[in-house]
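Here's the structure, in C-alpha cells; my notes come after.
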Amino acid sequence: MKRPFQNLLYLYILAGLSLTIFLVHCGLKALTVTVPAQAQVDERVTFVMHSGAEPRIEEPGTYTTQLLAGIMVPKSWNAREQAVLTYTSPKGNGTLRMIPDSEIEPVSGVSWHQAAKNMFGIGPNLVDDFEWIIYRSTQSYTFSNNEDIDFDVQVACHVGSENMLVRLGFYVGSSIENLRPEDTDYKKFAFSDVFEVTGGEGDLIDFVNPQLGTIQPVRSLDNDIITLVFNGGVMNTALDGLNEVYLHAYAFDGEDQLIGEVVERNDKTKMSSIGGRQFRIDIWPRGLFSVEKGKQIARLEYYFTDADGTKTVGYGNTEEPFRYTFRCD
C-alpha cells in the first residue's frame, strides 16, 4: 500500500519543482530598440529601449529592485560625460545614473562597465573601439505577483564628430540579480541595426563591414605601434594565391605635404601570413618613414602589393589608396 503514497509524493515534488522552475524563468521581457538609421555629426540623438517586467512571485511575497540599463557606444562619443538616461513606466518615471567605476559587480569582481563588456562583447561589430556604460535607477520599485508592466528607457546622446557605420549595444536588467552568466531572465541585451553618422571630416570609420585593409588600434599617434592587416578573404583581388604581400605607403603632414614613403619591397615592408588569406605587419610609423624630429605624420595612404610591385590592391579593390588619420581623442 506504500507505492500509491510514494507516487503521490513524487507528483507533489515534481509539481513543486515545476513551479520553482516557472518562477525562476519569469523576469524581464525581451529587449527591442528603436534607433534611427542615421544622424549628422555632433547631433544629439535619442535611442529607445523597450522591455517590461513579468513578476511571478509566490504570494504574499514581493520583489523589490532597481532598474539597470546599459549602452555600448564608440569611445569617441564621450558618452560618460554627456549621455542622459531616463525611463517611463506605469510604476513611475525617473532617471538612471551611471554606476561609479569604483563599484564592483559582485559576480565578476570587476566594475559593472567592464563586467558588461566581458559578458556582451561588441556584438556584430568587427573592430573594437567601444565602451559599455551601465546605469541604475535612482528609485527602487516593488512588484507583486502578476504585476506585469512595459517600460521604455530613453538614451539621449551626442554622436560625436566622426563619420562612421556602427551597431550599438543596449542592456536592461535587475539590480539584485547582478550579471550572473547563467541568468537569461533578468538580463536582456540587444544590438541595433547599422547606424550611420555622416557630415564630418576625415575617414569613414566602418565598424560593421569586412574590410580589405584595416589598421589597429582605431586611434593612435604617429609614435605608436600600429598593425595593418590585408584581408584577401573579403573578395577576389589581384593578390589572390600569392604567398608574399608587401606594404606600399606614404606619410603626409598636417599641411598635406608628403614627408615620407616606403615603396621598396624588402623585409621592412613584407607582411606576415596569418591564415585565411590574411596578412599583417606591425609598424612604428615615425621609424618606418624616418621622420625628422619636429615633424609629425598626420595621415597615411597605403596599398598592398606583390613581390615585384606590378599587382596592387587599394581601397575597395580599386586604385584609390587606403587612408588612415592619426588621432587619439
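The values are calculated or read from the model by the stated rules, or taken from the named source; none is laboratory data. This is a predicted model, so every value here is computed, not measured. Positions of Cβ are backbone-derived with ideal geometry, glycine not excepted, and every protein chain shown enters the neighbour counts. Accessible surface areas use protein heavy atoms only, side chains included; no ligands, DNA or RNA. Shrake-Rupley method; radii C 1.70, N 1.55, O 1.52, S 1.80 Å.
What about Ala251, is it assigned to a strand (DSSP E or B) and open to solvent by less than 10 Å² (accessible area, probe 1.4 Å)? So Ala251 passes the test. The number of residues in the stretch 164-182 being more than 30 Å from Glu196 (Cβ to Cβ), in contact (Cβ under 8 Å) with a residue 40 or more places away in the chain and not basic (Lys, Arg) comes to 7. With respect to Thr46, determine if the residue is more than 29 Å from Glu182 (Cβ to Cβ), in contact with a strand residue (DSSP E or B) (Cβ under 7 Å, 6 or more places away or on another chain), among the hydroxyl-bearing types (Ser, Thr, Tyr) and surrounded by 15 or more Cβ atoms within 10 Å (Cβ to Cβ). Considered against the rule, which asks whether it is more than 29 Å from Glu182 (Cβ to Cβ), in contact with a strand residue (DSSP E or B) (Cβ under 7 Å, 6 or more places away or on another chain), among the hydroxyl-bearing types (Ser, Thr, Tyr) and surrounded by 15 or more Cβ atoms within 10 Å (Cβ to Cβ), Thr46 comes out as no. For the stretch 66-182, the strands (runs of 3 or more DSSP E) that sit wholly inside it and include 1 or more residues that are closer than 27 Å to Ile215 by Cα are 67-74, 130-137, 149-158, 164-166, 169-174. Cβ separations smaller than 7 Å between residues 6+ apart or across chains give the following pairs from the stretch 72-83 residues that are surrounded by fewer than 15 Cβ atoms within 10 Å (Cβ to Cβ) to residues that are at pLDDT 95 or above and not aliphatic (A, V, I, L, M): Gln82/Cys157; Gln82/His158.
Taking the criterion of being in contact with an Asp or Glu (Cβ under 7 Å, 6 or more places away or on another chain) and either modelled with pLDDT of 95 or more or crowded, with 22+ Cβ neighbours inside 10 Å (or both), the residues of the stretch 130-159 that qualify are Asp148, His158, Val159.
The set of residues from the stretch 223-248 being hydrophobic (A, V, I, L, M, F, W, C), within 31 Å of the chain's Cα centre (by Cα) and surrounded by fewer than 18 Cβ atoms within 10 Å (Cβ to Cβ) comprises Ile225, Val229, Val234, Met235. The residues of the stretch 274-295 that are exposed (fewer than 14 other Cβ atoms within 10 Å of the Cβ) and either among the polar types (S, T, N, Q) or not in a loop (DSSP other than H, G, I, E, B) (or both), listed by number, are Ile274, Gly275, Asp282, Gly287, Ser290. Restricting attention to the stretch 186-210 and to residues that are touching a Gly at 6+ places or on another chain (Cβ under 9 Å) and in a loop (DSSP other than H, G, I, E, B), the residue that is least open to solvent (accessible area, probe 1.4 Å) turns out to be Ser192.
Just to verify a result, which residue in the stretch 101-129, among those that are within 26 Å of Ser220 (Cα to Cα) and of a type in the set (Gly, Ala, Ser), is most open to solvent (accessible area, probe 1.4 Å)? Among those that are within 26 Å of Ser220 (Cα to Cα) and of a type in the set (Gly, Ala, Ser), it is Gly123. If I filter the stretch 41-63 for residues that are at pLDDT below 95, among the polar types (S, T, N, Q) and assigned to a helix (DSSP H, G or I), do I get at least one hit? No, every residue in the stretch 41-63 fails to be at pLDDT below 95, among the polar types (S, T, N, Q) and assigned to a helix (DSSP H, G or I).
Restricting attention to the stretch 299-319, the residues that are outside any strand (DSSP E or B), free of Cβ contacts under 8 Å to residues at least 60 places away in the same chain and under 33 Å from the mean Cα position of the chain (by Cα) total 3.
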